[in-house]
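First the structure, in the form of structure tokens, and then the observations on it.
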Amino acid sequence: MPTETTLPTLTKKDFQTDQEVRWCPGCGDYAILSAVQQVFPELGIPREKFVVVSGIGCSSRFPYYMNTFGFHSIHGRAPAVATGLKLSRPELEVWIATGDGDAMSIGGNHLIHTLRRNVGVKILMFNNRIYGLTKGQYSPTSELGKKTKSTPAGSVDYPFNPLSLALGAGATFVARSVDIFQAHLRDTLRRAAAHKGTAFVEIYQNCNIFNDKAFTYMTDKEAKDDNVLYLEHGKPLVYGKNKDKGIRMRGTEMEVVQLGDGVGPDDCVVWDESLDNPATAFLAAQLLPPHFPTALGVFRQVTQPAYEERVVEQMQQETGRLGLGKLDALLKAGDTWTVGGTRH
Amino acid sequence: MSTTVAEKERREISPEKLDEVVIRFAGDSGDGMQLTGSQFTNTSAMFGNDLSTLPDFPAEIRAPAGTLPGVSAFQVRIADYDIHTQGDAPDVLVAMNPAALKKELKDLKTNGIIIVNTDEFNARNFAKAGYASNPLEDHSLDKYRVFQAAVTTMTRRTLEGSGLESKSVERCKNMFALGMCYWLFSRPMENTITFLQRQFAKKPLLAEANIKVLKAGWNFCDITELFHDRYEIPAATLEPGLYRNITGNTALALGLIAASRRSGLPLFLGAYPITPASEVLHELSHFKNFGVTTFQAEDEIAAVCAAIGASFGGALGITASSGPGIALKSEAMNLAVMTELPLIVCDIQRGGPSTGLPTKTEQADLLQVMFGRNSDSPMPIVAAASPKDCFDIALEAVRIATKYMTPVTLLSDGYIANGSEPWKLPEVENLPDLRFEFRTDPVGFEAYARDPETLARPWAIPGTPGLEHRIGGLEKEDVTGNVSYDPANHEKMVHLRAEKVARIANDIPELEVHGDAEGELLVLGWGSTSGAINGAVTDARKQGLPVSRAHLRHLNPFPKNLGDVLARFRHVLIPEMNLGQLAMLVRARYLKDIITLSKVQGQPFARHEILNKIQQILESNAHAN
């Protein structure tokens, strides 16, 4: 076998394919693709070790545009395909590109069980709160009352909060970023890459055709300072154009406080992403408009052995206990008898 | 053998030699009848008999005690010659309660032996079983030979002072019945004694109690005059070699491990528990020291998708399920068809549709695995003929999957999965060589370039420098594997996928006809009907009837001489445990009329059922002439 690609020689260009990118002009997916192609070469991993797995939907075309190994599988099943791949080849760097429909709806079961097992894969969930590839039906993250092709009178479904779902499933790494916040997105991807176990990253992504401006309340220049709260480990939860607002605990809930008049950053929650108990992360995941800023960053990062590590460890233990299996002995195990060719 | 009985009290009965006997053990689900039957089987196997078994248990774990739905049975046929089925009608019925007697009696041969546990024959249990009067007293059993024993009482007495609680004592009563049968059929007890010592290694009190009761059952027959006769079934003349008794699911697991070793590919099983396929997962989970990974997935879809992911990574991806699970897997199976990755889908068939009859057998899914996917989706199918054939068919499935880069369906069914027979152990070096090399050369690499002979595309696994490529469910451009919506390309790819599977016919054995190579009647079968067809045709030929038989192990593609074989016979009979699924395929492909014989009762064919049909066809044939 040829030797591994020599390091460090990779650039963004090395991760671009010759395939024409077929997302709609102006789609948020372009920005996410660009961020991933910038971060991958920084990771010091040979290109052939990367595998991008996806399901079905606009986001799931992602593997075709990444010059790595890639598997565009079937709707909702990317986490299952990726789990099998990671178990059989733990040394590979397996990333999943998925969307809110693919991951939260048809593939919900695989998502929660992958998180529960803590399989060492990175899940990038592009959340545009709409079905794009099927041309504009509401998704499990669409807001209540959403008028779409399949809900002309407005959706009566309550939406999922993807981060709450991930935390509830026991995810060891949970983060949120936004397609056009490129620097923050790259930082978040780097953090995800460094995590052992499942990394779940929700990326707010604008669908300019079917759900345009879904996130402008927090991405517009004028709005973002007062509507975005960056979670930074070890730092107080302070935000606002003039850093004059904070998040404080009141009883078992979080509240917004105006800083000044004797209230300072010290009164705010000091963010700790490493807590074993996911309760605080869950509270932060509930910080949503209109009464709260939207939190971005790493909500939770705790260290637990990855699923594939446990599987390999058990295999090694059993091999140590029983010795490397011998086929001949296996076939002849149990009660056997010899027939000499004549009646006894 | 040690015995507490004084020598002078022992009766000397010289056993009468029989060439075969069929025994059915029947009792409540909790009575341990499966264990009793399998112990009798293993002892007979070790003794050297040929044998075949049919476990028959309810889907409910514990239906209400004493009721008909709660009856669990195990039939074993032992013989001094080569047999192929579990036997049509039992010679002996062991009935641990009235419900077992009521449910199982109809099959018993006239003048057959019935052994009953009289302790359970009371008014309460008669009512539960639906008996208006005591069958032991109302002459309804006059055409049988009934032997009564107070099995529960004697078990309790045997274990008086043992210190065991009464529930544990009661559980030993199946060993009393087994001891009686060992005496009646002159079987040694050592094998079961060893088994009990091993089984209860950590509970010596229970081991001792069970052994004591087993011996008490034997001694009871030895000192009382319950039985006037005693029987012996001499060892069979089997091909010389080392043997073990094996069930289909165990043979399948071992075959998959053997295929992994012979191919050098690590085995990855993705599975979700389902009757009657779960044993494949259970078995394989023990063999981590063979590099086997078993993944109990969150559902059937995840199970097959994980296997596909593992195959993409260069492992031997396998999933095992039954009809309802296969239905859930069909979209993923099609993904494997499109991405042209090796994958083994084991379908241990059971009665359907829907949840159907989980614990009962049926050749339910041939058309499902042949056609149950969107679009033209060719997938090779192989089917095991018997429990031990599950081993060989696993190797064959892996050979096809890796050589042709294709998913393969392996069909088994509840009958051969749970049934057992003696298996002559193969020598490892004689197993097929399945070594395989991944593509490593980046020069000229195209993900969908094909081997000119097999049409297989290269298996290029992640981690190989220079072979980075993308696959998926969208239509592929010929050669490059890039996404393509080009109309002419799609037509070409549909044909290529079909041609690739069709060419496998050049690489499998031709269909072998047993009996005359041409003539009046061919009985054609597939899967687990093999034994019954073999028995029926053998019987018919002994009667001088002009009938031959042939058995299909490859269902897609068919052996290339199948059309010629069919043309050489005036009539073709296909017995199937469905409404004629193979018959439909054969008719469509070869425009040959087929006579079908269907049985969908959750039970395998009896030999005589097929024999009757053969006689009927040849008779009307004679009239027509």
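The values are calculated or read from the model by the stated rules, or taken from the named source; none is laboratory data. From a predicted model like this one, the values you see are computed outputs, not experimental measurements. Cβ: placed from backbone, ideal geometry, glycine included. Neighbour counts: every protein chain shown.
Per-structure values
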quantity: In segment B:320-356, the residues that are among the polar types (S, T, N, Q) and more than 21 Å from A:Ser54 (Cβ to Cβ); calculated: B:Ser321, B:Ser322, B:Gln349, B:Ser354, B:Thr355
quantity: Some residue of segment B:454-467 being at positive phi, more than 14 Å from chain A (Cβ to nearest Cβ) and part of a loop (DSSP other than H, G, I, E, B); calculated: yes
quantity: Enumeration of residues in segment B:482-522 that are loosely packed, with under 15 Cβ neighbours inside 10 Å, of a type outside the set (Asp, Glu) and farther than 22 Å from B:Thr339 by Cβ; calculated: B:Asn506, B:Pro509, B:Ala517
quantity: Contacts under 6 angstrom Cβ, first residue in segment B:415-436 being closer than 29 Å to B:Ile78 by Cβ and within 13 Å of another protein chain (Cβ to nearest Cβ), partner surrounded by fewer than 17 Cβ atoms within 10 Å (Cβ to Cβ) and of a type in the set (A, V, I, L, M), 6 or more apart; calculated: B:Leu425/B:Leu242
quantity: Test for B:Glu468: is it free of Cβ contacts under 8 Å to residues at least 12 places away in the same chain, closer than 27 Å to A:Ala82 by Cβ and crowded, with 17+ Cβ neighbours inside 10 Å; calculated: yes
quantity: Test for B:Ala417: is it in a loop (DSSP other than H, G, I, E, B), surrounded by 24 or more Cβ atoms within 10 Å (Cβ to Cβ), modelled with pLDDT of 95 or more and not hydroxyl-bearing (Ser, Thr, Tyr); calculated: no
quantity: Residue list for segment B:323-349, restricted to those being polar (S, T, N, Q) and more than 10 Å from chain A (Cβ to nearest Cβ); calculated: B:Ser330, B:Gln349
quantity: Qualifying residue in segment B:555-566 (condition: in contact with a strand residue (DSSP E or B) (Cβ under 7 Å, 6 or more places away or on another chain) and within 13 Å of B:Leu611 (Cα to Cα)); calculated: no
quantity: Filter result for B:Asp229 (in a helix (DSSP H, G or I), over 21 Å from B:Glu165 (Cβ atoms), over 32 Å from the mean Cα position of the chain (by Cα) and not aromatic (Phe, Trp, Tyr)); calculated: no
quantity: When residues of segment A:38-59 are limited to those that are closer than 23 Å to A:Glu308 by Cβ and within 17 Å of the chain's Cα centre (by Cα), the one nearest to the other protein chains (Cβ to nearest Cβ); calculated: A:Val51
quantity: Selection status of B:Ile233, closer than 16 Å to B:Phe47 by Cβ and either of a type outside the set (Gly, Ala, Ser) or surrounded by fewer than 20 Cβ atoms within 10 Å (Cβ to Cβ) (or both); calculated: yes
quantity: Strands (runs of 3 or more DSSP E) completely within segment B:29-127 that count 3 or more residues being touching a residue at least 60 places away in the same chain (Cβ under 8 Å) and under 26 Å from B:Pro358 (Cβ atoms); calculated: B:50-56, B:92-95
quantity: In segment B:493-534, the residues that are among the hydrophobic types (A, V, I, L, M, F, W, C) and assigned to a loop (DSSP other than H, G, I, E, B); calculated: B:Ile508, B:Leu511, B:Ala517
quantity: Residue identified as closer than 24 Å to A:Val174 by Cβ, surrounded by fewer than 15 Cβ atoms within 10 Å (Cβ to Cβ) and aliphatic (A, V, I, L, M) among A:Met249, A:Met218, A:Met254; calculated: A:Met249
quantity: Selection status of B:Asp222, part of a helix (DSSP H, G or I) and more than 9 Å from chain A (Cβ to nearest Cβ); calculated: yes
quantity: Index of the failed condition, B:Val479 passing every other in (1) surrounded by fewer than 21 Cβ atoms within 10 Å (Cβ to Cβ); (2) among the hydrophobic types (A, V, I, L, M, F, W, C); (3) within 14 Å of another protein chain (Cβ to nearest Cβ); calculated: (3)
quantity: Only listed residue being outside any helix (DSSP H, G or I), at pLDDT 95 or above and out of contact with any Phe, Trp or Tyr (no Cβ under 9 Å at 6 or more places or on another chain), chosen from B:Met370, B:Met379; calculated: B:Met379
quantity: Sole residue being of a type in the set (Ser, Thr, Tyr) and under 26 Å from A:Gly107 (Cα atoms), chosen from B:Thr339, B:Thr359; calculated: B:Thr339
quantity: Filtered residues of segment B:482-529 (kept if touching a Phe, Trp or Tyr at 6+ places or on another chain (Cβ under 9 Å) and within 14 Å of chain A (Cβ to nearest Cβ)); calculated: B:Asn482, B:Val483
quantity: Qualifying residue in segment B:306-322 (condition: within 7 Å of chain A (Cβ to nearest Cβ), assigned to a helix (DSSP H, G or I), under 16 Å from B:Ala253 (Cα atoms) and without any contact (Cβ under 8 Å) to a residue 24 or more places away in the chain); calculated: no
quantity: Extreme residue, surrounded by the most Cβ atoms within 10 Å (Cβ to Cβ), among residues of segment A:150-190 that are more than 21 Å from A:Ala103 (Cα to Cα) and basic (Lys, Arg); calculated: A:Arg186
quantity: For A:Gly262: the one exception among (1) at pLDDT 95 or above; (2) away from every other protein chain (no Cβ under 14 Å); calculated: (1)
quantity: Looking only at segment B:220-273, and only at residues there that are of a type in the set (S, T, N, Q) and at pLDDT below 95, the one that is farthest from B:Thr158 (Cα to Cα); calculated: B:Thr237
quantity: Test: residue in segment A:75-95 that is surrounded by 17 or more Cβ atoms within 10 Å (Cβ to Cβ), farther than 20 Å from B:Gly313 by Cα, in contact with a Leu (Cβ under 9 Å, 6 or more places away or on another chain) and more than 10 Å from chain B (Cβ to nearest Cβ); calculated: no
quantity: Positions within segment B:230-286 being polar (S, T, N, Q), in contact with a helix residue (DSSP H, G or I) (Cβ under 9 Å, 6 or more places away or on another chain) and at the interface with another protein chain (Cβ under 10 Å from one of its Cβ atoms), in sequence order; calculated: B:Asn245, B:Thr250, B:Ser260
quantity: Considering residues of segment B:189-212 that are in a loop (DSSP other than H, G, I, E, B) and hydrophobic (A, V, I, L, M, F, W, C) only, the residue farthest from B:Thr158 (Cα to Cα); calculated: B:Ala201
quantity: Single match in A:Leu287, A:Leu283 (criterion: surrounded by 13 or more Cβ atoms within 10 Å (Cβ to Cβ), in a helix (DSSP H, G or I) and away from chain B (no Cβ under 14 Å)); calculated: A:Leu283
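This table checks each residue for (1) assigned by TED's automatic domain parsing to the domain that holds A:Pro278; (2) in contact (Cβ under 8 Å) with a residue 40 or more places away in the chain; (3) among the polar types (S, T, N, Q).
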| position | (1), (2), (3) |
| --- | --- |
| A:Arg129 | yes, yes, no |
| A:Lys135 | yes, yes, no |
| A:Ser155 | yes, no, yes |
| A:Val174 | yes, yes, no |
| A:Ser177 | yes, yes, yes |
| A:Arg191 | yes, yes, no |
| A:Ala199 | yes, yes, no |
| A:Asp212 | yes, no, no |
